[in-house]
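Visitor: Dumping the structure here so I can ask a few things about it.
The values are calculated or read from the model by the stated rules, or taken from the named source; none is laboratory data. Just so it is clear, the model here is predicted, and its values are computed rather than measured. Cβ placement follows ideal geometry from the backbone for every residue including glycine, while neighbour counts extend to all protein chains displayed. What goes into the accessible areas is simple: the full protein's heavy atoms, side chains included, and nothing from ligands, DNA or RNA. Shrake-Rupley method; radii C 1.70, N 1.55, O 1.52, S 1.80 Å.
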Amino acid sequence: MSSGSATRGLRAQSFPNVRISDPSLRYPEEVSIAVNPKNPNQLAAGANINYLFTSSDGGMDWNWRQLSSQYGVWGDPNLMFDDSGVLYYEHLSGQNWSDSEFLWRIVVQRSGDAGMTFDSGEQVGLYPPTMQDKAWLGLDRSQTSSNGTIFTSWNEDDKYGSRLPSDSSRI
């Protein structure tokens, strides 16, 4: 079978474009979106710096708010639902560029109600004065004893943005 014949039997579907952010929001970018496997009508999206968007009708209508944490929320959102329907929102820490602990940790916040409420967050990767960046969540779905385990990876920089050979980065 040629690759073209595999698609001949499929009818083209048209889906509406739905804007999920309010036009007045300042630069929502670096978007991550997650679908609840227990209820595919529940979606959540995050965008820089601290935006959370939720939908309970498959993405036709959206609500938004700004997420907060005891460690601050400073972008690079990564969202994921686990297989039980718990939503995780992972992000960088800090209040602003001059915060003394800016980007010192990765923060993971948890929601049991599809993003209506979140806990205050747990920190990982705290190793001052290194700076953490670009965290990404993963879920073990293997048929092994680690099934359901949540993992994260990130980039750790001796000095964020440095071009000095003495400064390095690790994953």
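Visitor: The conditions are (1) farther than 19 Å from Gly138 by Cα; (2) modelled with pLDDT of 85 or more; (3) not hydrophobic (A, V, I, L, M, F, W, C), and Tyr27 fails exactly one of them. Which is it?
Guide: Single failed check for Tyr27: (2).
Visitor: Give the residue that is nearest to the chain's Cα centre (by Cα), with candidates limited to residues of region 1-24 that are hydroxyl-bearing (Ser, Thr, Tyr) and modelled with pLDDT under 80.
Guide: Ser14
Visitor: Let me ask another. Pick from region 140-167 the residues that are part of a loop (DSSP other than H, G, I, E, B) and in contact with a strand residue (DSSP E or B) (Cβ under 8 Å, 6 or more places away or on another chain): which of them is most open to solvent (accessible area, probe 1.4 Å)? If you could, list the steps in order and put the result at the bottom.
Guide: Looking only at region 140-167, we keep the residues that are part of a loop (DSSP other than H, G, I, E, B), and these are 140-149, 158-167.
Retained after the next criterion (residues that are in contact with a strand residue (DSSP E or B) (Cβ under 8 Å, 6 or more places away or on another chain)): 140, 148-149, 158-160, 167.
On the way: Asp140: 26, Gly148: 45, Thr149: 54, Asp158: 52, Lys159: 124, Tyr160: 97, Asp167: 44 Å².
Applying the filter and picking the extreme gives Lys159.
Visitor: Would you kindly identify the strands (runs of 3 or more DSSP E) lying entirely within region 28-139 that contain at least 1 residues that are more than 30 Å from Ser162 (Cα to Cα) and in contact with a Phe, Trp or Tyr (Cβ under 6 Å, 6 or more places away or on another chain)?
Guide: 32-35, 43-47, 51-55, 63-66, 78-81, 87-92, 106-111
Visitor: Identify, by number, the condition in (1) in contact with a Leu (Cβ under 6 Å, 6 or more places away or on another chain); (2) open to solvent by 40 Å² or more (accessible area, probe 1.4 Å); (3) charged (D, E, K, R) that Asp119 doesn't meet.
Guide: (1)
Visitor: Do we have any residue at all in region 94-111 that's of a type in the set (Phe, Trp, Tyr), touching a strand residue (DSSP E or B) at 6+ places or on another chain (Cβ under 9 Å) and at pLDDT 95 or above? Can you show your working first?
Guide: Going through region 94-111, the residues of a type in the set (Phe, Trp, Tyr) turn out to be 97, 102, 104.
Then drop every residue that is not touching a strand residue (DSSP E or B) at 6+ places or on another chain (Cβ under 9 Å), which leaves 102, 104.
Checking which are at pLDDT 95 or above leaves us with none.
The answer is no, given that none of the residues of region 94-111 is of a type in the set (Phe, Trp, Tyr), touching a strand residue (DSSP E or B) at 6+ places or on another chain (Cβ under 9 Å) and at pLDDT 95 or above.
Visitor: What tally of residues in region 33-62 results from selecting those that are open to solvent by 50 Å² or more (accessible area, probe 1.4 Å), of a type in the set (A, V, I, L, M, F, W, C) and within 21 Å of Gly138 (Cα to Cα)?
Guide: Residues flagged as open to solvent by 50 Å² or more (accessible area, probe 1.4 Å), of a type in the set (A, V, I, L, M, F, W, C) and within 21 Å of Gly138 (Cα to Cα) within region 33-62 amount to 2.
Visitor: Hey, can you tell me all the residues within region 134-171 that are over 22 Å from Ala34 (Cα atoms) and acidic (Asp, Glu)?
Guide: Glu156, Asp157, Asp158, Asp167 - these are the residues of region 134-171 that are over 22 Å from Ala34 (Cα atoms) and acidic (Asp, Glu).
Visitor: Next question. Which of the numbered conditions does Arg65 fail, given that it passes all the others? Conditions: (1) surrounded by fewer than 22 Cβ atoms within 10 Å (Cβ to Cβ); (2) in contact with a strand residue (DSSP E or B) (Cβ under 7 Å, 6 or more places away or on another chain); (3) of a type in the set (D, E, K, R); (4) over 27 Å from Phe15 (Cα atoms).
Guide: Evaluating Arg65 over (1) surrounded by fewer than 22 Cβ atoms within 10 Å (Cβ to Cβ); (2) in contact with a strand residue (DSSP E or B) (Cβ under 7 Å, 6 or more places away or on another chain); (3) of a type in the set (D, E, K, R); (4) over 27 Å from Phe15 (Cα atoms) leaves (4) as the failure.
Visitor: Against the condition in contact with a Leu (Cβ under 9 Å, 6 or more places away or on another chain), over 23 Å from Ile20 (Cα atoms) and either open to solvent by less than 20 Å² (accessible area, probe 1.4 Å) or without any contact (Cβ under 8 Å) to a residue 40 or more places away in the chain (or both), how does Gln95 come out, does it pass? Step through it out loud before you land on a result.
Guide: Numbers: in contact with a Leu (Cβ under 9 Å, 6 or more places away or on another chain): no; over 23 Å from Ile20 (Cα atoms): yes; either open to solvent by less than 20 Å² (accessible area, probe 1.4 Å) or without any contact (Cβ under 8 Å) to a residue 40 or more places away in the chain (or both): yes.
Spelling it out, it is not the case that Gln95 is in contact with a Leu (Cβ under 9 Å, 6 or more places away or on another chain), over 23 Å from Ile20 (Cα atoms) and either open to solvent by less than 20 Å² (accessible area, probe 1.4 Å) or without any contact (Cβ under 8 Å) to a residue 40 or more places away in the chain (or both).
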